[in-house]
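The values are calculated or read from the model by the stated rules, or taken from the named source; none is laboratory data. Since this is a predicted model, take the numbers as computed values, not measurements. Virtual Cβ from ideal backbone geometry, glycine too; neighbours counted across all protein chains shown.
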Amino acid sequence: MKDLASLITQARVATENEDTGSTDFGIQDSEFIQYFNDAQYKIQSLIVQQHPDVFSEEIEITCDGSEKYDIKTEISNQSKQPILIDNKILNVEYSSTGNADDYYVISETSLKNRAPGSDSSPISFIRSSGKIIPVGKPSSGKLRITYIKRVKELVASVVTAASQTTTSELPEITERYLLAYVEWKILKRDSSIDSKEAIQELKDIEADIIKSYRHINDDIQLIPSINQSDDWSLN
């Protein structure tokens, strides 16, 4: 995958927007960067629909008798990548000793099975407003949570920010999509008739990527169509 600066240069050439000039003339890099970030978060969300494990991450939470554990707070405290979507959890395990060999999977249940006040090894958990509630309220041990991480934001240069990068963490196969998306956005912004061809190319690339990540059982999956008035921003 090329770095962001190279991708911007390539997109500028493809859309004939090589003049960066002043703020009054030419499209600034900041706009290109925003479009590239919109593109990578959109295609990531589509890949996740087909194959969630591609972007999995783990955190361990030490149980201390609390009723609830805030996932976002724990992810931040452990300097892990933020969760892609609230409550986007793949798996929850518990270990009474905290040792890796003692983890076992606990299943999800509903609020009606909540067991406040108890102190035991949980057999299930509840998700509530971005928090994990172990049913059993253990005073020791650890929870291991596997979640879907959000890929790092693309920036022109990185100094110390851990949540940003100059090169996309997405698989190499998505580079064509990122470029096609940005080129379409720029052409559409310029009211170019070429944007109609660009949107079709973008849809074709998207379909190819989704197909490549489809589960082995080949179940029919819904591929969202691209609306030309949609900016695809997840923000």
Test result for Ile8, hydrophobic (A, V, I, L, M, F, W, C) and within 29 Å of Gly141 (Cβ to Cβ): no
Check on Ile132, among the β-branched types (Val, Ile, Thr) and at pLDDT below 90: no
Residue in the stretch 133-148 that is out of contact with any Cys (no Cβ under 8 Å at 6 or more places or on another chain), part of a strand (DSSP E or B) and farther than 30 Å from Leu46 by Cβ present: yes
Odd one out for Ser121, checked against (1) crowded, with 16+ Cβ neighbours inside 10 Å; (2) touching a Phe, Trp or Tyr at 6+ places or on another chain (Cβ under 7 Å): (1)
Condition check for Thr97: part of a helix (DSSP H, G or I) and among the hydroxyl-bearing types (Ser, Thr, Tyr): no
Residues that are assigned to a helix (DSSP H, G or I) and either free of Cβ contacts under 8 Å to residues at least 40 places away in the same chain or buried (at least 17 other Cβ atoms within 10 Å of the Cβ) (or both), drawn from the stretch 53-72: Asp53, Phe55, Ile71
Of residues in the stretch 184-201 being buried (at least 17 other Cβ atoms within 10 Å of the Cβ) and in contact (Cβ under 8 Å) with a residue 60 or more places away in the chain, the one farthest from Glu16 (Cα to Cα): Lys185
Subset of the stretch 73-108 [among the hydroxyl-bearing types (Ser, Thr, Tyr) and buried (at least 16 other Cβ atoms within 10 Å of the Cβ)]: Tyr94, Ser95, Ser96, Tyr103
